[in-house]
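Note sheet for the following structure.
Read-outs throughout are calculated quantities, based only on the coordinates presented, and are distinct from any laboratory measurement. The model shown is predicted, which means the values in this text are computed figures rather than measured ones. Note that we place each Cβ from the backbone using ideal geometry, even for glycine, and neighbour counts take in every protein chain shown.
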Amino acid sequence: MVKMRVVFLGTSEFAVPSLRALLTGNYEVCAVFTQPDRPAGRGQKMQISPVKRYALEKRLKVFQPEKIRSEENRVIFQTLKPDFIVVAAYGQILPAWLLDSASIAPVNVHGSLLPHYRGAAPVTWAILNGDLVTGVTTMWMDQNLDTGAILLKREVPLNQTITGGELSEKLALVGAELLLPTLEGLKKRAIIPLPQNDSEASQAPKITKASARISWDKTAWEIHNLVRGLNPWPVAVAEHKGQNLKVFRSLPESGFAGELEPGVFLGLTEHGMRIQCGKGTVLEVIEVQMPGKARISGRAFAVGARVKPQQILFNLP
C-alpha cells in the first residue's frame, strides 16, 4: 500500500506524540518544519526544539525557516507535494499557499475544545479559569488563528490540582490518538468538517513572565489556578523582601479565615504555610524556590524566614 505523504509542522513537546503517531501509522513524513534553534537558560546556549530532537532521532528531513511565509518555502512545499499538512504547536501563522499545498487537507491538533480558547496558550487558560473540562480538537486549517472547521473532538476532565505541564502532556497524548482517525476519516471522506460558531469563541493569548506575579488580594482559588497553570513556565512568583519567590505548588483551604491583610502569614501546615488571600480566603503554599536555591517546602521556607503569625510575608504587587 502506498503511504500518504505528510509534511509536519511543530515545535514544542506537545507536538511530539502527534509526530510519533504519524510514524507508527501508514504515513510517510516527508519533511518536518520547526522553529529555529534559540538561546535558552542561564548560559543562553542554543537549544533545539523537542520536535527537532525527535525528528533527528528518526532521521527525518528538518527545515527551520525564520519565517514560514517566505517565498523560498513555497518552492519546498510544491516539491514535497504532501497529501496532508499536519500542524501541532508550531508557533507561526501559515499562509494560504502553504495550506493549499495539501492535496487532501491541512490539519491542526489544538489543545482545547474549539471554539473555546483560540490562540497560543489554550492549556494554560483552561487552568487559569478553573475549568473542569477541556480537551483536544482536530481542525481543517484556514488562514486565521484557530478558526477552521472542526473535524474531531475529545473531552478531557480536569481535577483541581493538575498543573499546566501535566495537562499539556495528557492533551498531547489525546491529540496523537485523535490525529490518525482524523486523517483516515478525511482520506475516506467520512468526516464532514463542522464550521465553528464564532459567537461562542474565547481567546487564549500568549502567556508572558508579566503574567506570573501573584496578587494576594485575589481569592485563594484564583491564586491556586495561577500557580498550577504557570507550572512549569513561567512559574508564579511572590515578592518577599525584594526577591521573587517562585511558587510551584499550592492548595486552597475551605472556609472563611477573616479579613486580615492579604499576604499575611497565618501559620504552618505539615508541608506548607498558610497565607491570607482576598475575601477572607486562605492558600496553603506547598512548594517554593528562592533565586539560585533548590526547591523546598513552604513550611521550610517559613521556618527559615522566621516569620510569625499575622506578620506580612508577601507584598502586594
note = Between residue 132 and residue 23, the two model label points (7 Å from Cα along the beta-carbon direction) sit apart by a distance in nm of 4.0 nm
ask   = Over the C-alpha atoms of segment 1-72, what are the Rg and the largest Cα-to-Cα span, Dmax, in Å?
value = 13.3, 49
query = What list do you get for 228, 74 if you sort them by fewest beta carbons within 10 Å?
reply = 74, 228
message = Run lengths n ≥ 4 of DSSP H only: what is the helix-derived mean residue ellipticity at 222 nm for the chain, with -39500 (n - 2.57) per run over all residues, to the nearest 500?
response = -7500 deg cm²/dmol
message = Quick check for you: which residues of segment 8-37 have the amide N under 16 Å from the point 7 Å beyond the Cα of residue 92 toward its beta carbon?
response = 8-12, 31-37
query = In the neighborhood of residue 118, defined by Cβ-to-Cβ distances under 11 Å, what is the net charge if each Lys or Arg adds +1 and each Asp or Glu adds -1?
reply = -3
task = Calculate the all-directions average of the projected area of segment 67-107's alpha-carbon convex hull, and give it in nm².
result = 2.7 nm²
query = Rounded to the nearest 0.05, what FRET efficiency do residue 294 and residue 211 have when you use their Cβ-Cβ distance and R0 = 30 Å?
reply = 0.75
note = By the mean-Cβ-within-10 Å protection proxy, highest first, 185-194, 237-246 rank as 237-246, 185-194
inquiry  = With 10 angstrom as the radius, rank 256, 33, 314 by how many other C-beta atoms surround their C-beta, starting from the fewest.
reply    = 256, 314, 33
key: Translational diffusion of segment 37-76, µm² s⁻¹ [Kirkwood Rh, Cα pairs; Stokes-Einstein; 4 °C; 1.567 mPa s]   = 109 µm²/s
inquiry  = Restricted to Cα positions, what overall size does segment 209-305 have along the principal axes? Three whole-Å values, descending.
reply    = 35, 28, 22
message = Please give the Cα centre distance for segment 220-294 versus segment 56-127, rounded to the nearest Å.
response = 38 Å
request  = Could you check how many percent of all C-alpha pairs in the chain are farther apart than 36 Å?
outcome  = 29 percent
task = Compare the peptides 135-143, 57-65 by average per-residue count of other Cβ atoms within 10 angstrom and give them in order, highest first.
result = 135-143, 57-65
inquiry  = Under 8 Å for C-alpha pairs, at least 6 residues apart: give me the relative contact order for segment 59-180, rounded to a whole percent.
reply    = 21 percent
Convex hull (Cα only) mean projected area of segment 142-278, reported in nm² to one decimal = 11.7 nm²
task = State which entries of 61/206; 209/246; 67/188 exceed 22 angstrom in Cα-Cα distance in the structure shown.
result = 61/206; 67/188
message = Place a point 7 Å from Cα of residue 235 in the direction of its Cβ. Which residues in segment 276-317 have their backbone N less than 14 Å from it?
response = 286-298
